[in-house]
Amino acid sequence: MTATEPDRAGLVGRASRALTAPVDASSLIAFRIAFGALMAIAAVRFSAHGWIAEHYLEPTHFFHYAGFGWVRPLPGAGMYVCFALIGACAVAVAIGFCYRAAALGLAVLFAYAHLCDKTNYLNHYYLLILLALLLVVLPLGQVGSVDAWRRRRRGAPVPSTLPAWPIWVLRGQLALVYVYGGVAKLQPDWLVHAQPLDTWLAARPDVPLVGGLFAQPWAPQAVSWAAAIFDLTIAGWLLWPRSRRMAYPVVIAFHLLTARLFHIGMFPWVMIALTPIFFAPDWPRRVLRLRQVAPGSPPPAPPRRRARLLAAALVAYFAVQILFPLRFLLYPGNHLWTEQGFRFAWKVMVMEKSGVADFVVRDPDTGREWRVPATDYWTRYQASMMATQPDMILEAAHVVADDFRRRGVRAPEVRADVLVSLNGRPRQRLVDPAVDLAAERDGVAPYRWLLAAPEMDPP
Amino acid sequence: MRRPAAAIVAAALIAGAGCTDIPIGDGPRKAMVRRVVNEVILPEHRELAAGAAALRDAAAALAASPDAGHLDAAQDAWRAARSPWMRAYALRIGPVKDDLYAARMDQFPPDLARITAEIAGTAALTPEYVAAFGANKKGFHALELFLFDAAGGDPAVLASLTDPTLGERRRQFVASAAAALAADAAALDAAWEPGRGDFVDRVVDIGGDGPYATIKDATDAVVNDSVFLAELILDAKLGRPMGKPTGGTPVPALVQSAPSDGGVDDMLDNLRGLRAVYEGDREPGGVDGGGVGALVARASATIDSRVRAELTRAEAAVAAIPRPFAAAVEAQAPEVEAAWQATRELRFTVSTELIAALGATLSFNENDGD
């Protein structure tokens, strides 16, 4: 053993002891209840807005995630049943009834619903899926739950505390969302040119109290920097006890403002409701003036082998969560333009991008050409989302090619006519119109058929 | 430490609640919406109602006296009523969509076989009876079938209307279909009028009794309809008849308003409506009255110039299409291709740069984003 090894063993040992130390479970119970409630609301909201029909029943074609081309929406009333089950699982998670099965059901069903079509990707749906998956392995159903009540009635021991590590897992996940949301803003359009906020704030002069401020010339720049600083540092402020009491109201104000400014659904409410996990573990007791929990019985330690497997899995999980959002750095060019490495990287509301895509099909045997509007295959919403995302454009070209093969064209060539405006710049071609996309394969390599991003600065 | 936090939370809650007691000023966006609905769309609906009433009277006169003079008058009245309807396509919000006026008044293609079956039947073709028809048996295009004949001209129309067997039934249909159209146009106008349906005022009652909760939603509605109209002209009125999605073989049957050879006029009126919304003024080239263009110019003079230039090019290219339009399509006249190209450029610009300049959401729904 070297001179550093006892230190490392001491460090690991101290960390291990800290992570397994029993803590008041009330913050975790509050997290579980809030998460379950939000998921139940999300499920109801989906149905109430008519999005089940719009996203799953009306489209005739869907855009698939890599490796998940086999995922299809259920026919008929199937997706309504799916969302009803999501709601039921969410309620079960909230109240801690058959907790682990409910968490697994929630994770699987919600992930399934969103794997059906890449069109509907949203960062906060991704976050909800990750949190649902994490909840499967976190022991949040052991305390303050229907399951705990039932165990107590059977005379089985029920812990009064939980280990600290679930709190740190959840804090870590939420911190990553904020930090990478800030990293996404470290680019010239956002920090130097205050785009897209310059455009967005001008469109919202009717926000009470601050709407008039948005018209001031300095406002977009100030808000851009403030948002970047908020995202990059807020997790730290929330973790530090001295700043926590000021930081959380700022969190509320920030997310309420974004809720007022943008159509971003559940995201603000999710973050407002779940960031109290950064507080002290007993914060609900303090707020509700409940008696502090007696040291009492700690949760039973899991078998050593299972504990090690779980630890290894969580380490691997966070390694992926830390590294995966950075993959955009491996691709050349402006990632706002190419969008390679864009998804699953917490790039929340960082650009204003609009585009139009049509396809030109050519039969090389006859020279005949067809100009195919995207809306011949996809809904307006799908076509609009596809037009700015190259991987979806490529998949669309293959869908069109497959259709023309079925119609008897032996080897259809499909070229895309795609024009995009990024952050208020004049429109520009995104895709090389000379490239036959039907002959291109998707993968992790940079798309050679994308044209260079516009060089001019945004307005 | 608690008091500042409480103050911040209170302020945030007020902002988040979107308290509507705080008055929302007439900023440029709200002014634009108000301008467009009051100075462009409401007058179009009024002109439509007046034109449809004149068409009803002309059709009744034709039914009573089916001669060349009354036929000419009815044809002119049909065109005069259709023109504001086509211009109003630039902003199809509210009653025209919600109450299905668009379907009732302008379904294409009309179902000639079913109309013929009704005419050959025995039910009295009263205005009430015809008003209850499905959308494909009434409206502008259904009337057009009996007022115009692209192949045989006015003699063929008069022959049909004076046919000893079905002529009278056809005349009854023409009179009643025109009356139904006039009733719909009047009702649509009434739905917009201040002091009656009041939609013109409710549109700008942001967050109140109107359909839009925020200024952005109202602005988006105006901008979105410009995009949809550009797409409609490009795809439905030009691209599909030209055979663009079907391998390049023209499909003249898809030319709208073919019997009256009004397809080019329809597109020109659509473009005029688009320009009127953009300029905030029904008079083309008039003083810029604060339409969508005023907002775009504030964001980007470059994009504003481009939109105006492309509107002008599209108008000129469409106007240059030789008549009859269906024949030009079938003959694959270069002017038709030129009009398609010019409209395509316009569509690209409004769908990308105009949307981006205003931070509008090209939305067809209320989906969340992030």
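The values are calculated or read from the model by the stated rules, or taken from the named source; none is laboratory data. Small disclaimer: the values here were computed from a predicted structure and weren't measured. Ideal geometry is used to build each Cβ from the backbone, glycine not excepted, and the neighbour counts take in all protein chains shown. To get the accessible areas, we keep the full protein, side chains included, count just its heavy atoms, and leave off ligands, DNA and RNA. Shrake-Rupley method; radii C 1.70, N 1.55, O 1.52, S 1.80 Å.
Quick one: which of A:T375, A:T388 is β-branched (V, I, T), at pLDDT below 95 and within 18 Å of A:H64 (Cα to Cα)?
The unique qualifying residue is A:T375.
What is the number of the single condition among (1) part of a loop (DSSP other than H, G, I, E, B); (2) of a type in the set (A, V, I, L, M); (3) open to solvent by 20 Å² or more (accessible area, probe 1.4 Å) that B:I321 does not meet?
(3)
When you go through A:R242, A:R260, A:R306 one by one, which is the residue that is farther than 23 Å from A:L162 by Cα, open to solvent by 30 Å² or more (accessible area, probe 1.4 Å) and at pLDDT below 90?
A:R260
Looking at region A:205-239 only, could you name the residues that are assigned to a loop (DSSP other than H, G, I, E, B) and either among the hydrophobic types (A, V, I, L, M, F, W, C) or open to solvent by less than 20 Å² (accessible area, probe 1.4 Å) (or both)?
A:D206, A:V207, A:P208, A:L209, A:V210, A:A215, A:W218
Of all residues in region A:339-377, which are acidic (D, E), more than 10 Å from chain B (Cβ to nearest Cβ) and within 33 Å of the chain's Cα centre (by Cα)?
A:E339
Looking only at region A:186-240, which residues are of a type in the set (F, W, Y) and more than 14 Å from chain B (Cβ to nearest Cβ)?
A:W190, A:W218, A:W225
Which one of these is part of a helix (DSSP H, G or I) and within 20 Å of the chain's Cα centre (by Cα): B:A309, B:A314, B:A297?
Result of the check over B:A309, B:A314, B:A297: B:A314.
Return the residue satisfying two criteria in turn: it lies in region B:220-254 and is open to solvent by 30 Å² or more (accessible area, probe 1.4 Å) and of a type in the set (S, T, N, Q), and of such residues it is farthest from the other protein chains (Cβ to nearest Cβ).
Among those residues, the one meeting the criterion is B:T249.
Okay, residues lined up against (1) assigned to a strand (DSSP E or B); (2) open to solvent by 30 Å² or more (accessible area, probe 1.4 Å); (3) β-branched (V, I, T):
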| site | (1), (2), (3) |
| --- | --- |
| A:V348 | no, no, yes |
| A:T375 | no, yes, yes |
| A:L394 | no, no, no |
| A:A411 | no, yes, no |
| A:V414 | yes, no, yes |
| A:S421 | yes, no, no |
| A:A445 | no, yes, no |
| A:R448 | no, yes, no |
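Identify all residues within region B:194-219 that are in a helix (DSSP H, G or I), surrounded by fewer than 24 Cβ atoms within 10 Å (Cβ to Cβ) and at pLDDT below 90; write none if there are none.
B:D217
Being β-branched (V, I, T) and farther than 24 Å from A:Y65 by Cβ is true for just one of A:V91, A:V137. Which residue is that?
Criteria check complete, one pass: A:V91.
Considering only region B:226-284, state which residues are polar (S, T, N, Q), outside any helix (DSSP H, G or I) and within 26 Å of B:Q75 (Cα to Cα).
Within region B:226-284, B:Q256, B:S257, B:S260 qualify.
Return a yes/no flag: does region A:438-449 have any residue that is β-branched (V, I, T) and either over 29 Å from the mean Cα position of the chain (by Cα) or within 14 Å of chain B (Cβ to nearest Cβ) (or both).
No, region A:438-449 contains no residue that is β-branched (V, I, T) and either over 29 Å from the mean Cα position of the chain (by Cα) or within 14 Å of chain B (Cβ to nearest Cβ) (or both).
Return the residue satisfying two criteria in turn: it lies in region B:62-93 and is closer than 13 Å to B:H45 by Cβ and charged (D, E, K, R), and of such residues it is modelled with the highest pLDDT.
Per the criteria, the residue is B:R87.
Within 14 Å of another protein chain (Cβ to nearest Cβ) and not hydrophobic (A, V, I, L, M, F, W, C) - does that describe any residue in region B:277-287?
Taking every residue of region B:277-287 in turn, none turns out to be within 14 Å of another protein chain (Cβ to nearest Cβ) and not hydrophobic (A, V, I, L, M, F, W, C).
So A:P281 passes all but one of these: (1) within 14 Å of chain B (Cβ to nearest Cβ); (2) surrounded by 11 or more Cβ atoms within 10 Å (Cβ to Cβ). Which condition number does it fail?
(1)
Taking the residues in region B:97-118 that are acidic (D, E) and not in a loop (DSSP other than H, G, I, E, B) as candidates, determine which candidate is farthest from the chain's Cα centre (by Cα).
My answer is B:E118.
Within the bounds of region B:270-278, is there any residue that is open to solvent by 20 Å² or more (accessible area, probe 1.4 Å) and in contact (Cβ under 8 Å) with a residue 24 or more places away in the chain?
yes
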